[in-house]
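Asks: Quick one: the structure is below, questions incoming.
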Amino acid sequence: MVAILLNLLLSGASAIGFSLITNAPHRAAGIIGITGGLSWTIFWILKNWVHVNILFANFVGALTIGLLTYYLSRKFKLPENIIYIPCLVNLVPGGNAYRTILYMVQNKYIESLEQAITTFLIASFLAVGLFSAQYLISLVKGIIYFRKIKR
Amino acid sequence: MKKTSTQRVSELCLKTGYLLISGGAESYRIEDTIERIGKSLGHEVHCYVTVTAVFVEVDGQNSKFIKSTLGGTNLQMIDDINTMSRQLAEKKLSPKTFTEEIEKIYLDKHTTDFPFYVKAIGAGFVSMAPMLIFTMPLYYFIYCFIVGTIGYGISYYLAKLSSMPYADLFISGFVIALLSILLSRLNLVEQYHSIIIGAIMPLVPGVAITNAIRELVMRHALRHALSSAVKLLDALLVASSIGFGIATALILF
């Protein structure tokens, strides 16, 4: 329980930190903190307690960001990318990208290639998660639209 | 509604597009915003955005383009212009004041910005995030915070001093690796790799890579392949310049 709270707090702080670097508007800070903290904590629980594949955990994290971003950006009238850019920073594969270069320097080319592929896969799955959120929302919108027409 | 001349509308749209690109907005969002601004001024505007240029055509007769460069991310700029265009569409803002505001931002290329020390502290917090994965002892967080702040500060000031791209990232990567190795030589930490991973976090373009892939598939498939390719290439160059900076330090020491 303490671990969850600590994760929530630190990942929220880190998302807000990145929003300071990218110069996000002041009123968005709280929203970014909540979204970043929640998405990271879901990723962390899935990865460390449920032990699913890291790619799927990333996918679910990105999906959470996408759905929350859609709701909050409309509620507070903010552009979408203001919310999701700082939130993604916790999930992006910085460690793998670093190890790609590290192994390359140490002449371990096979391991380097492995890490490069992992980096690309994680980044792709994050993008797929964000895309799926949009797709789900547009599907739901379509269903609502066609029901209205039928009546 | 009184119509503004097509000449002035096209100039206004170009400037808006230029500002949005330098703020790091997505291409389809920029096209949407510009076409909506044209509509609320009473003109039919068609727009095409690659990240290196903006093309605008007003009422099928006045077409222009502007050359732009890929800048950093400035979310305040996107939010300001977005709010103004929304107000323009709701007729809360007159076209004259809107034009003046855009001109003003275009001239100084500056919005309200956080002071440097706030950004540096933010960078420190970002550096602490990857430590959560490795579940390190608490003092690692503190070292990560310090090294991350220093690395970000170096890249911030070098980017202000010279407009040459990528060199600042190389140097700050080098310094981060140097400091981390120094920490382990002084027996303050056991392994310096996790410190390096944390400290480069504010600089790495993970978000840019994700954005580029996202832009490839969003809204219209492959319509923005050009801007996506530009962003992906930029992200790769940024990543490798940081990586080679670190690699140089690792080889030397």
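Asks: When ranked by the protection proxy of mean other Cβ atoms within 10 Å per residue, highest first, what sequence do the peptides A:100-110, B:243-253 form?
Replies: So the peptides A:100-110, B:243-253, ranked by packing, come out B:243-253, A:100-110.
Asks: Another question about this same structure. When only C-alpha pairs under 8 Å and at least 6 residues apart count, what is the relative contact order of the stretch A:1-76, in percent?
Replies: 29
Asks: Residues of B:25-32, mean number of Cβ from any other protein chain within 10 Å of their own Cβ, rounded to a whole number?
Replies: Counting Cβ atoms of other protein chains within 10 Å of each residue's Cβ and averaging gives 1.
Asks: How would you classify the stretch B:30-79 from its alpha-carbon gyration tensor, with a ≥ b ≥ c the square roots of the eigenvalues: rounded for a/c under 1.5, else prolate if a/b is greater than b/c, otherwise oblate?
Replies: oblate
Asks: Multiply the residue separation of A:Lys77 and A:Gln106 by 0.36 nm, subtract the distance between their alpha-carbon atoms, and state the gained length in nm to one decimal.
Replies: Length difference between fully extended and current span is 5.5 nm.
Asks: Per residue of B:145-155, what is the mean number of Cβ atoms on other protein chains within 10 angstrom of that residue's Cβ?
Replies: Mean partner shielding for this stretch: 0.
Asks: What 222 nm value per residue comes from the helices of chain B, counting each DSSP H run with n ≥ 4 as -39,500 (n - 2.57) and dividing by all residues, nearest 500 deg cm²/dmol?
Replies: Rounded to the nearest 500, the figure is -22000 deg cm²/dmol.
Asks: List the relative contact order of chain A as a percent without decimals, with contacts defined as Cα pairs under 8 Å and 6+ residues apart.
Replies: Once divided by the residue count of chain A, the mean separation gives 25 percent.
Asks: Shifting gears a bit: What number, in percent, do you get for the relative contact order of chain B if the mean sequence gap of Cα pairs under 8 Å and at least 6 apart is divided by its residue count?
Replies: Contact order relative to length: 17 percent.
Asks: Cross-link list A:Lys47/A:Lys108; A:Lys75/B:Lys104; A:Lys77/B:Lys104; A:Lys77/B:Lys119; B:Lys91/B:Lys160; A:Lys75/B:Lys96: which exceed 31 angstrom alpha carbon to alpha carbon?
Replies: B:Lys91/B:Lys160
Asks: Which of A:Ile137, B:Ile37, A:Ile54 has the fewest other C-beta atoms within 10 Å, and how do the rest follow up to the most?
Replies: A:Ile137, A:Ile54, B:Ile37
Asks: Order of B:63-76, B:206-219, B:223-236 by packing, highest average Cβ count within 10 Å first?
Replies: My ranking of the peptides, most packed first, is B:206-219, B:223-236, B:63-76.
Asks: Across the stretch B:160-174, in residue order, what do the Karplus-derived ³J(HN,Hα) couplings come to in whole Hz, using 6.51 cos²θ - 1.76 cosθ + 1.60 with θ = phi - 60° and x for Gly and Pro?
Replies: 6, 6, 10, 8, 5, x, 6, 5, 4, 5, 4, 5, 5, x, 4
Asks: Another question, then. What's the center-to-center distance, using Cα atoms, between the stretch B:220-253 and the stretch B:41-84 in Å?
Replies: Each part's Cα centre sits 25 Å from the other's.
Asks: May I ask you to order A:82-88, B:23-29 by the average number of other C-beta atoms within 10 Å around their residues, highest value first?
Replies: By packing density, highest mean first, the sequence is A:82-88, B:23-29.
Asks: Using only atoms on other chains, find how many Cβ atoms lie within 10 Å of each Cβ of peptide B:237-246 and report the average.
Replies: Partner-chain Cβ atoms within 10 Å, mean over residues of B:237-246: 3.
Coordinate-derived values only; no laboratory data. Predicted, not measured: the structure shown is a model, and the values here were computed from it. As a convention, Cβ positions derive from the backbone with ideal geometry for all residues, glycine included, and neighbour counts pool all protein chains shown.
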